[in-house]
Structures are given as structure tokens and as C-alpha cells.
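Worksheet for the structure shown next.
Just so you know, all these numbers are worked out from the coordinates, no wet-lab data involved. These numbers come from a predicted model, not from an experiment. Cβ placement follows ideal geometry from the backbone for every residue including glycine, while neighbour counts extend to all protein chains displayed.
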Amino acid sequence: MHVTLPVQREGIRWYPRICIEKYSPDQVQYARKHGEIPLLGRSGDALMHGDVLRSMFLRPECGVVTDEGNGVSAAGLANLACVLTGVGGHPLAPGRASFGVGSDGATEFDPSHGSLAPGSGESPGTTLYRPMDARYPVVVKPALIMGQATFAETEACFPWHEWCWAAGPCEPRPHHQLHSAYRGEGAVMMNRKAQPAGYGTKDLGVAWVFRTRIELS
């Protein structure tokens, strides 16, 4: 005898909200002079850190932009499966995450996308992947992940229309190509959001802090 049992339908929901804090040249210069910015980059220059900027100023003088939602890539879903099973792939690990920003807001998201700028292609003037700030990403509570990356004065100076969270098996470095940011070691673009309206154009001299809050339910 065939018995049909009641079906309980549940799923895992990944939902991000982003916030871009835009600090003016005056604020950046003041932070360089008076802020505690201990982390050194490969060139020996002190890196900007969003936590430092936020602690020094009441608000970003150039404003704040928020957005929410995205699409999870097929490679991102496969990577999550590797995390759950331990089979194959390159599971996520602390300190190996990065954010990417780009100018291609016209190409709608497709799960097959493997990098930003799928329509025009990655280039120095249209895409940049940057490691997250020190101490990020962080799991605030079991179902809440916080990420942050600070794009300093000369970084990603182009119109921002898209973003992604990327991960790989080695420490990333700033680069306009995802593959090269992880030195060819199997990077994965977890998600992508294309925003035709855009988040603004980043100019030289300003620092933008890109923050993401991802809720799992």
C-alpha cells in the first residue's frame, strides 16, 4: 500500500542589505592625520578602515546609499553545498572573502555569471575586487553575517552599478579581475546585484565604505 505523507516545505533564504558610506576628501585627510589606521598595505601605505572612519565622524559628508536584494550564482550555490558536505570545491573561510564593485548595471543577473561586468568584461576602469577590512566578515549571530570593505582614495574611481561577494581558498588582493585577485586559485563569485540606477560615481580623494548585512532564514 502506498502512503502519501504530508509535505513540509522549507528552504534557506539568503537576503542581503547593503550600505555605502561616502566620506569626503576633508574627512579622509583628517582621518589620515589623526585616526588610528594600523593596517599596512603591500606598498607600506596605511589602509583606510571603515570602523575608524565611523568612529571619527558623526556621518559621511558625501552621503549614504542603501539597497537590498541580489541573485545567488550557480557557482555560489555549489560552493555552499561544498561547505555543507565537505566534498570538493573551496569552502568559505574567514579572511578569504572580498567584495567586488563594477559599472555594468545594464546586464541583468543570470545564475551563470562568474564575475562582475558580464556584458562588457572586467577592466581596470570598470571593476575592482577588494579584500574585506580587518576583522571582517563576522558572524554576529547564527543567522546574520556582516561584511565590510573600504575603498580608499584612488580605488574603484568609476560609476558603481553592481556588486558581489566573492570567496576563495587564499588571501585575496585588490585587482580588477576576480581570477587574479585570488591568484588563479579557484575564486567563486557568490552573488551579484546589478542596479541600473547606480550607487553614484566614486571620485578621487573620497573613501567609500561598502557594508553588507546578510540574513539567513
**Message:** Under 27 Å between alpha carbons, and skipping anything fewer than 8 positions from LYS33 in its own chain: which lysines qualify?
**Reply:** LYS22, LYS202
**Request:** Using only alpha carbon pairs under 8 Å that are at least six residues apart, calculate the relative contact order of the range 14-216 and give it in whole percent.
**Result:** 30
**Prompt:** Fewest to most neighbouring Cβ within 10 Å: what's the order for SER180, SER73?
**Reply:** SER180, SER73
**Message:** Sort ARG13, ARG96, ARG173 by Cβ crowding within 10 Å, fewest neighbours at the top.
**Reply:** ARG13, ARG173, ARG96
